[in-house]
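Notes for the one structure printed next.
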Amino acid sequence: MKLGIVGLPNVGKSTLFNCLTKAGALAANYPFATIDPNVGVVPVPDERVDKLGELYHTKKVTPAVIEFVDIAGLVKGASKGEGLGNQFLANIRETDAIVHVVRCFEDTNIVHVDGSIDPARDIETINMELLLSDIEIIERRAAKVVKSAKGGDKASAKEAAMITRLQAHMNDGKSAKTFELEDDEEEAIFRSYNLLSAKPVIYAANVSDADLANDGADNPCVQAVRKIAEAEGSEVFVICAQIEEEIAELDDDEKRDFLESLGLKEAGLDRLIKASYKLLGLISFLTAGEDECRAWTIKKGTKAPQAAGKIHTDFERGFIRAEVVKYEDLITLGSLAAAKEKGVAGLEGKDYVVNDGDVILFRFNV
Ligand SMILES: Nc1nc2c(ncn2[C@@H]2O[C@H](COP(=O)(O)OP(=O)(O)OP(=O)(O)O)[C@@H](O)[C@H]2O)c(=O)[nH]1
Ligand SMILES: [Mg+2]
C-alpha cells in the first residue's frame, strides 16, 4: 500500500513524514522546504506477528508495510506550474490513497502561505489543484482517443463517449470520485487514468498539543475539516505533528508514559495507519514458521488463492488448499497440532474468503 502526502506549503507534511519514516526529510520553517519527493517505508504495527515469532522461535519477523510519499507543498496554480508542486503531482499518481494535511494550529512563527488559518479554504485550494491536474490529463487523453475513434476504432469511440461525460463532470468542479461509471469496461479504463481526485482521502488535521486530548473537538478548524470529510465520505484523523516528532524519539515505555500524560492511548501514527486500513478496506493475514513469521496486506473479501498470490504467483497458480487457523486459537492452544486436535484448524478451498488474523499455510503444486 502506498500513500501520498499533500497539502499547502508549511502545514507540517514533512514533519509528519519524518516521524513516520525517520527518513530525515528536511522539515524547516520556510515554504517549499521539500524540493525532492521523499519515499519512506513504514512497518504496520501488529503485535500478532511478534507473538507468532515468539511461538515459533522464528529467525525472522516481517511486518506488513506502508509506503509514504512526501511531496512539496501545493499552492494555487500548482497544476499550471506555479510553485514547485506541479512536477511532484506525478509522484503521487501511483498511490492508493492521499493523506491531506490541513493546518489547524495557530503559531505566528510559522508562515501560512495565504496569511491566515482557514481549513475550508485551504482544502478547497488543494482539491482544486488536484482536480485541475486531472482535467489536464484527461484533455491529453481525449485528444488521442478522439483521433483513433475517428479512425473507426470501436473501443476508442466508447472511451471518447465516457471522456466527454467525465470532462463535463470535472469542468463543473466535481471530483472524479463522484463520477458515475456505466459498466465494468468503463471502470477499468477509468481506473487506468489514476486520477488524483478519484483517490480516497484521509484528512490529517494538524492541531496544537492542547487540542489533542479531546481529539480536536473544541477546535473550530477541526470541526470544519470533519464537516467537509463527512460530506465526501473521507476519513479524518487529528494529529499534532510536532508532538509526534517527539514521540518518534522515545522508546516503548517512555512512549506509553508520554502518551498517558497527554491523555492519549495511541500515537497518532498508529491511528493514521489504522485509518488507512479502514479507508481502503484492508486486512492482514499471517504466515508462521521457523524461518519467518509475516503479516500480509490484502483487501477485505480476497479469496484464498489470490491471498496466496500475494506471497508468490506460483502459490496462486498451483493453489490446492489453505490450512487456516485463527490467530487467537493458535496462541491460546499453543500449536497448530493442538488446534487441529481441537478441530479449530481446517482445510479450506479456493472459495474461502480470508479473514483478518487468519494464520495460513498454503498447499500448492506447480
Ligand atoms: N506549532 C507547530 N508547528 C508545526 C507543527 N507541525 C509542523 N510545524 C512547523 O511548521 C514548519 C513547517 O513544517 P514542514 O513539516 O516542513 O512543512 P511542509 O508542509 O512539509 O512544508 P513544505 O515542504 O514547504 O510544503 C516547521 O517549522 C515545523 O516545525 C505543529 O503541529 N505545530
Ligand atoms: Mg515539506
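A dipole drawn for segment 109-214 from +1 and -1 charges on Cβ atoms has a positive end, and of Val201, Leu131, Ala155 the residue lying farthest that way is Ala155. Of the DSSP H helices in the chain, those that are both long (alpha-carbon extent of 24 Å or more along the helix axis) and hydrophobic (Kyte-Doolittle mean at least -0.5) are 119-150, 154-171.
Mean projection of the alpha-carbon convex hull of the chain over all orientations, in nm²? Hull-based average projected area comes out at 21.5 nm².
For the pair Val344 and Asn365 in one chain, pulling the backbone fully straight at 0.36 nm per residue adds 5.1 nm over the alpha carbon distance. Trypsin sites (Lys or Arg not before Pro), restricted to segment 163-202: which are DSSP loop and have at most 16 other Cβ atoms within 10 Å? Passing sites in segment 163-202 are Lys174. Rounded to the nearest 20 debye, the dipole magnitude of segment 51-197 is 540 debye, with +1 charges on Lys and Arg beta carbons, -1 on Asp and Glu beta carbons, and the Cα centre as origin. Cross-link partners for Lys326 among the aspartates and glutamates, with Cα-Cα distance under 16 Å and sequence neighbours closer than 8 places in the same chain left out: Asp46, Glu47, Asp50, Glu341, Glu348, Asp356, Asp358. Here the relative contact order of the chain, from alpha carbon pairs under 8 Å that lie six or more residues apart, stands at 17 percent.
Dipole magnitude for segment 113-201: about 440 debye, using +1 per Lys or Arg Cβ and -1 per Asp or Glu Cβ, origin at the Cα centre. Could you tell me what % of all Cα pairs in segment 266-366 have separations over 24 Å? Cα-Cα pairs of segment 266-366 separated by over 24 Å account for 26 percent.
Among the trypsin sites (Lys or Arg not before Pro) in segment 260-361, those placed in a DSSP loop whose Cβ has at most 15 other Cβ atoms within 10 Å are Lys265, Lys300, Lys342, Lys350.
Please compute the contact order of segment 302-366 in relative form: average sequence separation of alpha-carbon pairs under 8 Å and at least six residues apart, divided by the residue count, as a percent.
49 percent
Among Leu8, Leu361, Ser276, pick out the residue whose Cα is farthest towards the positive end of the charge dipole of the chain, where Lys and Arg carry +1 and Asp and Glu carry -1 on C-beta, about the Cα centre. Ranked along the dipole, the leading option is Leu361. Amide H to amide H distances under 5 Å link Leu74 with Gly7, Leu8, where only residues 5 or more positions off or on other chains count and H is placed in the peptide plane. The H on the amide N of Val65, modeled in the peptide plane, is under 5 Å from the matching H of Val44, each at least 5 residues off or on a different chain. Between Asn355 and Glu180, full extension at 0.36 nm per residue minus the direct alpha carbon distance yields a gain of 60.0 nm.
Taking Cα centroids, how far is segment 111-127 from segment 266-309 in Å? Between the Cα centres of segment 111-127 and segment 266-309 lies a distance of 35 Å. Note on Lys2: lysines with a C-alpha under 20 Å away, same-chain residues under 8 apart excluded, are Lys13, Lys22, Lys177, Lys199, Lys274, Lys278, Lys299, Lys300, Lys310.
Estimate the FRET efficiency between Arg256 and Arg140 by the formula 1/(1 + (r/R0)^6), using the beta-carbon distance for r and 41 Å for R0, to the nearest 0.05. Plugging the Cβ-Cβ distance into 1/(1 + (r/R0)^6) gives 0.20. Dipole orientation for segment 303-342: of the candidates Ala338, Phe315, Val325, Phe315 has the Cα lying most toward the positive pole (charges on Cβ; Lys, Arg +1; Asp, Glu -1). The eigenvalues of the Cα gyration tensor, multiplied by 5 and square-rooted, give segment 150-303 an equivalent ellipsoid with semi-axes of 40, 24, 11 Å from largest to smallest.
The numbers here are math on the coordinates, done by the rules we state, and not lab data. All values derive from a computational prediction rather than experimental measurement. For neighbour counting, all protein chains shown are included, and Cβ atoms are generated from backbone atoms with ideal geometry for every residue, glycine included.
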